[in-house]
Amino acid sequence: YGRFFRLTFRTLFRSRGTYAQLSPGRFLVLLFWLPTTFIHHTIHWFFFMVDAVLFSGYRKVEVREPVFLLGVPRSGTTLLQRTMAQDTEGFSGFQLWEMMMAPSITEKYIFTGIGKLDRLLGGFGKKLVLRIEKKALAELSKIHPTGFFKAEEDELLLVMAFSTLALVYPFPFVDEFLPMARFDTEVEASDRKMIMKFYKRCIQRHLYFHGPEKRFISKNPLATGKILSLRETFPDAKIICNVRTPTEAVPSMLSLTDYYWRAFKNNKDVSDFRELLLTVASYFYSYPIEVLDQIPEDGQAVVQFEDLKHHLKDTITGL
């Protein structure tokens, strides 16, 4: 909450000459987004506290051999995640609706109960949601196929802790969020511990509800700078890094960035910001090379995009 209010103040009163400089369009977007985000997150934190009373046993859930799909954005992590997640007996990961609406156990029971009731009444509610999704996510889906009921990257969970590079779009202050890209080396140890503890609690809640015997699977390119923190938090974690040639991955990454940039009506001159993105992309290529050797061979792998594209089954069974 402290970071939320500080960034809100900086946006409203200290943004002149920055990427966050207020235009009429950006002001209108934030006029909706800021209070909605505050209310939305406050509801989730309330239900986190309810979880502590009603489902305190979730803290005892063991997260065994979780699988983290990292690497350069736009390198096939979505394809790999959604294919592996079809093994619902073995794996479980977050879908978009769950991160947006039900990160707590209590909320999961509430919304799955509503879903069961909706199915009994003919499924009209879900059909309405799918129609809204089709219209609201139409442009994004052209670049990155997504949907409320599809597996998605769980970096969204860290929005609730205001500790993610993803927040650079509503709050384009480079100094605030660039360290999040280099999480292992540039975020203070105390903050790293707090953020990773929150993330682990979210996973424990997820497995408590969906089945403690399952293996958690995550797709999150923005966590590429967290490789060592992930292994410290989950010592038996499997780290899979995707790689794609920069001449294909980086333009695709910039296209996705442009979408989010325009969504928040940020300063139209994004040339310098693109340089920042290229810096982040370069780091996501180089950092795994530096640290993967510190992980036992059976705890890490590198996957080429071309192998996913042409030999999906063999690649996954090999993993």
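Relative contact order for the chain: 31 percent, from Cα pairs under 8 Å spaced at least 6 residues apart, divided by residue count.
For GluC sites (Glu not before Pro), the sites in the range 38-119 that DSSP calls loop and that have at most 11 other Cβ atoms within 10 Å are GLU62, GLU89. Ordered by 1.4 Å accessible area with all protein chains kept, GLU297, GLU65 run largest first as GLU297, GLU65.
Taking only complete DSSP H runs, can you tell me which helices of the chain stretch 24 Å or more along their own long axis by Cα positions and average at least -1.0 on the Kyte-Doolittle scale?
Values: long enough: 24-54 (45 Å, 1.16); 189-210 (31 Å, -0.70); 246-263 (25 Å, -0.22); 271-291 (30 Å, 0.39).
Those that pass (Cα extent of 24 Å or more, hydropathy at least -1.0) are 24-54, 189-210, 246-263, 271-291.
Of the whole protein surface, GLU248 contributes about 80 Å² of accessible area at a 1.4 Å probe radius. Stretching the chain fully between LYS265 and ASP298 yields a gain of 7.4 nm (0.36 nm per residue, less the alpha carbon separation).
Taking all protein chains together, PHE27, PHE94, PHE47 sort by accessible area into PHE27, PHE47, PHE94, largest first [probe 1.4 Å]. For the range 170-306, the relative contact order comes to 33 percent (Cα pairs under 8 Å, sequence separation of at least 6).
Near PHE124, once Lys and Arg are set to +1 and Asp and Glu to -1 for all other residues with Cβ below 12 Å from its Cβ, the sum equals +3. Rounded to the nearest 10 square angstrom, VAL303 shows an accessible area of 10 square angstrom against a 1.4 Å probe. If you run the Gaussian network model on the chain, springs between alpha carbon atoms under 10 Å, then out of SER75, SER229, SER141 the most flexible one is SER141. Rolling a 1.4 Å probe across the protein heavy atoms gives the chain an accessible surface of 51 Å² per residue. If the chain linking LEU278 and MET49 were pulled fully straight, counting 0.36 nm for each residue of separation and taking away their Cα-Cα distance, it would gain 78.4 nm. Shape class for the range 145-295, computed from the alpha carbon gyration tensor (a ≥ b ≥ c): prolate, with a/c not under 1.5 and a/b above b/c. Taking a point 7 Å out from the Cα of LYS127 in the direction of its Cβ, the residues of the range 144-171 whose backbone N falls within less than 19 Å of it are 148-149.
In straight-distance terms, cross-link reach from LYS238 covers every one of the lysines whose alpha-carbon lies under 29 Å from its own, apart from those fewer than eight places away in the same chain; here that gives LYS60, LYS108, LYS150, LYS193, LYS197, LYS200, LYS214, LYS219, LYS226, LYS309, LYS313. Each of LEU308, LEU117 has its accessible area taken with a 1.4 Å probe; listed largest first, they run LEU117, LEU308.
Determine the share of the chain's accessible area contributed by carbon and sulfur atoms, expressed in whole percent, with a 1.4 angstrom probe.
Here it works out to 61 percent.
Rounded, prolate or oblate: pick one for the chain, where a ≥ b ≥ c are the square roots of the eigenvalues of its C-alpha gyration tensor, a/c under 1.5 means rounded, and failing that, prolate if a/b is larger than b/c, else oblate. Rounded shape, in that the Cα axes give a/c under 1.5.
Exposure check, 1.4 Å probe, all protein chains in place: VAL174 carries approximately 40 Å² of accessible surface. Site pair ILE114 and LEU140 shows an inter-label distance of 1.8 nm when each label is modelled 7 Å from Cα along Cα→Cβ. If you bin all the Cα-Cα distances of the range 82-145 at 10 Å, starting from zero, the percentages per bin are 17, 37, 42, 4.
The values are calculated or read from the model by the stated rules, or taken from the named source; none is laboratory data. Because the structure is predicted, anything quoted here is derived from the model rather than measured. Cβ atoms come from the backbone with ideal geometry, glycine included; neighbour counts cover every protein chain shown. What goes into the accessible areas is simple: the full protein's heavy atoms, side chains included, and nothing from ligands, DNA or RNA. Shrake-Rupley method; radii C 1.70, N 1.55, O 1.52, S 1.80 Å.
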